[in-house]
Each structure stands twice: as C-alpha cells, then as structure tokens.
Amino acid sequence: MARPKAWTLKKRQRAARRGAVTRRKRQQIIEQARQKNETGSALLIPFGAWIEKTIKLKERVETTVSLKKGEQSQFSVPDIVAGLVMAFQTGVVHLKHLSRLVPEVKLAESIGLPYFFGATTASERMKQAAPPTIQQMNRLARGLCVEAVAEDPGPEIDIVVDTTGHPSDSRYREGVAVGYCNGRKEPCLKSGRVVINGRPAFVNLYPGNENPQEPYEKGIAFARLLCRRYPERRVHLGLDTAFVSERHLRQLHGLATRYENFRFTLSLPVPDPQSQPARTVQLANAKPQKRWKRANHRSRVVEMGWRKVYSNSQHRSRVVVVETKNDPPTPPPSTQPKKKRPKRRRQRPEQRYYLIATNYSQSELKAKAVFRRHHRRPVVEFSFNDAKQSYRIQRLPHQKFLANQMYLLGITLAQLLGILYNQRLLPQKTAGSLLATVRVDLWSLPGRLVTATQIVLDLVYHRYRWVRKVCVSVKIHLGLSIDFAHFDSS
C-alpha cells in the first residue's frame, strides 16, 4: 500500500526544518571559532602551510585526478583530498566523525578551505571512484615518494613488497571473502603495499581470497625506475615467500643482468622433501657444524654458494640456508581444575629451514649480513602497523569495494605526507616513531593564531625540549614563529 502524499510532504518539510536548524548552528560555531582564532592542534597549522605551499598538494591532485565534483558541492576534489589529509592527521579516521572538526576553522584556512566539510561530501566523492581514479591516486603517491628518494642519505635504496589483511564484520561487503585472515577462517579484504625507504609508494585493495601479483609487478617497476634514475646508488628489492616462483626469479635475474646496481633477496620455503630446496638443506646439514654461523639467539646460517634454486632454473643464485628453532610451547598452568582438559596444542617442529636467494656477492655481504639485510624487511610491517594503529584501517568502513579502495588510498596519502613532514622537522630517531605517538605528543597541542606568521601555544607540560626543537625547525623551514611560555622561536 502506497504512503499518503500528505504524510510524505510533512516528513519532507520536517526534514527541511531540521536541516535548516543544523546549518544555522554550524554557521554559528564557525563564526565563533573564526573570532577566537583558537585551535586544538596548533602545530598542524605549519603542516597545512607545508602541503599548501611547498608540496602544492591541490595542484598535484588537480593535474592528476580526473574525478569531478558534485553539482551542488561547494568543495572541489582537490579541496576534499587536502581536507581529508588534514582530518586524518588530527586523529579523525572515520568519516562520520568529520563533524568534530567544525570548530577547527584555522586548520581549514591553513589549507585554503573556509571550513571543514561533512561526512556526506567526502563519502559521495569516494563512491564515485572508478578504476582510473584508483590508478591516478597511486600515481600521485608515487610521484611524492620518488621525489623524496633524492634527498635520502645513504648509498642504498630499499624497496619492500608485502600484503596484509583487513577483517570484515560482514560477509556481504563487496570483495569480502574467506582466504587470508585468521588461518583462512575469517572473511576479510586484502591489501598489497610497496614501501620505498620506509614510505608507502603504492597500495591497492583486493578480495580476501586472491593472491595478487600486482604489488610484485609494481615493486619491479619501481626498481627499474630507480636503477635508471640513480645509477650510482644500489637498489635493493626484498620479497617474502608470497611472491616466490621460478618466473619471478628469472625476472629478477634479468633485471640484475641489465642493471649492475640492482640487488634482491628472496626467501624460499622448503615444502616438499623431494624438492630442490630440500636437497639444498640436506647438503647444508652435511657440512661441519663450525661452518654454521649464529645470526641471533634463534637462527643460524650457512653459506651454500651459487647454485640453482629450482631443478630447471637457467640462472644460478647465491643461496644461504637458515635454520630457525621454534620456542618450546608453554605448559598449561597447574591451577586448572582436573575436570577441564587443556587444549591440545599443535606440535610444531623443533626447527625449520628456509632459503634466502640473492645476487649479493660474498665480497659485498657475508652469510650473516645477507640474513640481516633480508630481515630488514619488517620496515613494510612497520608501515602496515603504523597505518593500522595511527589511522585504524584494520576494518574498512564502506560497503562498496571501490569506495574502500579510495578510502585506503586517502589514508596512505596522509601517512606518506605525515612521514615526509616528520622527517623534515624532527630528529631522525623521533621521525621513525608511530605517527599516532607524534600526533598525541606534539601535533595535538592547543594554541591560537595571532597573525598569519605567528602562533602562540598554550603552556606545554610534556616533552618541552622536543616541542622547542620543532618550533625552531618550523621557523627555519617554513618561516612561522611559534611562541609559548618561557620560549620564543624568533
């Protein structure tokens, strides 16, 4: 039965009145905040000026991303991208919480916005995303990351490729499938990431039951680009067992033949007792014990020289066999009642083996050094953990697959810009901390904007020396004077 027209008309009129009241209250809050010149994240105002004037984020988005704004929207796509980056830096990670930034008018003005938009504006643009839009956003992050490599110290450029899972509460979200998380028992989405010198350069989302090869292909493309652009610097590509295959190994050797400054390390499992890796492990065990070198308290390594990793391989790789001892299982507590049977623990072997294939020569790195070089790969795990802890992307919010892709790319862009900003202003040890830690201890300090180039912080009771160094760095790099009790950066 159809609803009465009068009831529908009254409902629409009631909704229109409520919307008008909400807009009036919002405008009042904005005007009051504009008069007070106060903000809860005063040290993020220089960040807004940095992405607006130095990075020129809006110009990059306008020339790279072809997404169009809505017909009735007051904000363009570059405005929305810049606003989301600033919102994610303040700690707002869910779009429905964007209304908390209504009083932060000064933060919005630092990136060229009159005020922060709402959740509807952001979600509508994300839902309009298409596969070309995803590629364009990745191209934007790639340009920023490759430009930053030129300023990195050290003779080596490190590229790492890996994947992670995003559990889902609902099986009915687009792309959610069982196949990766929690021992292949929990429905999830899957994302792949390429990290260059600790900075995310590529990220994409995949169904949970897929084994994507696109991250590996992007890692190869980045290695080829950086080998050509920086021939005097060594480029290292680290891969784990998820990307092991004979075709990939052949491709890595082809790249090493073409570029003399390319190096790779690849970990290979020992799945079948009759396989070539298993025979290599048997030969390693036949060697004298003094040939084995202790790498850490759990692992030891032995040099096996240059040999074929697979039986039908055309190229020879330098192989290092690694023996890892598992920690003994903890016994069940003795306080358990007698009637309750303890859970049966899966018996793990006392030790396991795997291989590290590389093209590093023994004059460049010994076996222990190869082990340590390959296990610097956790830099990509730190990148995943930083995104999950600082921006809480364990669970993606949208029902549509492309909308979740766009949301993940926005988070990655914010993470990349946050890392670049911290590396420019903070000491090296501090810049490697989690972005959430830096935000809580530093960027979330309240204050007020006196003039366009002067900020006054409230009293600082925590990490006073750290804040003082940042104020001096902001004065040097961005020309903004930050003052507070007992200190003047000018």
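Quick notes on this one:
- So residue 373, is it among the basic types (Lys, Arg) and in a helix (DSSP H, G or I): yes
- Identity of the residue in region 37-78, acidic (Asp, Glu) and over 23 Å from residue 419 (Cβ atoms), that ends up surrounded by the fewest Cβ atoms within 10 Å (Cβ to Cβ): 71
- Residue within region 48-55 that is free of Cβ contacts under 8 Å to residues at least 24 places away in the same chain, within 14 Å of residue 105 (Cα to Cα) and either basic (Lys, Arg) or not in a loop (DSSP other than H, G, I, E, B) (or both) present: no
- Being under 27 Å from residue 107 (Cβ atoms), hydrophobic (A, V, I, L, M, F, W, C) and assigned to a loop (DSSP other than H, G, I, E, B) holds for only one residue in 396, 408, 416, 365, and it is 396.
- Of all residues in region 174-191 being surrounded by fewer than 20 Cβ atoms within 10 Å (Cβ to Cβ) and not hydrophobic (A, V, I, L, M, F, W, C), the one that is farthest from residue 146 (Cα to Cα): 185
- Taking region 192-229 as the range and being crowded, with 18+ Cβ neighbours inside 10 Å and either acidic (Asp, Glu) or in contact with a Pro (Cβ under 9 Å, 6 or more places away or on another chain) (or both) as the test, the residues that pass are 192, 193, 194, 202, 203, 204, 206, 208.
Let's see how each residue does on (1) in contact (Cβ under 8 Å) with a residue 12 or more places away in the chain; (2) in contact with an Asp or Glu (Cβ under 7 Å, 6 or more places away or on another chain):
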position: 14; (1), (2): no, no
position: 20; (1), (2): no, no
position: 23; (1), (2): no, no
position: 67; (1), (2): yes, no
position: 70; (1), (2): yes, yes
position: 73; (1), (2): yes, no
position: 77; (1), (2): yes, no
position: 84; (1), (2): yes, no
position: 87; (1), (2): yes, no
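None of the figures in this text is laboratory data; all of them are computed from the coordinates on show. Treat the numbers as computed from the prediction; the structure is a model and nothing was measured. Note: ideal-geometry Cβ built from the backbone for every residue, glycine included; neighbour counts use all protein chains shown.
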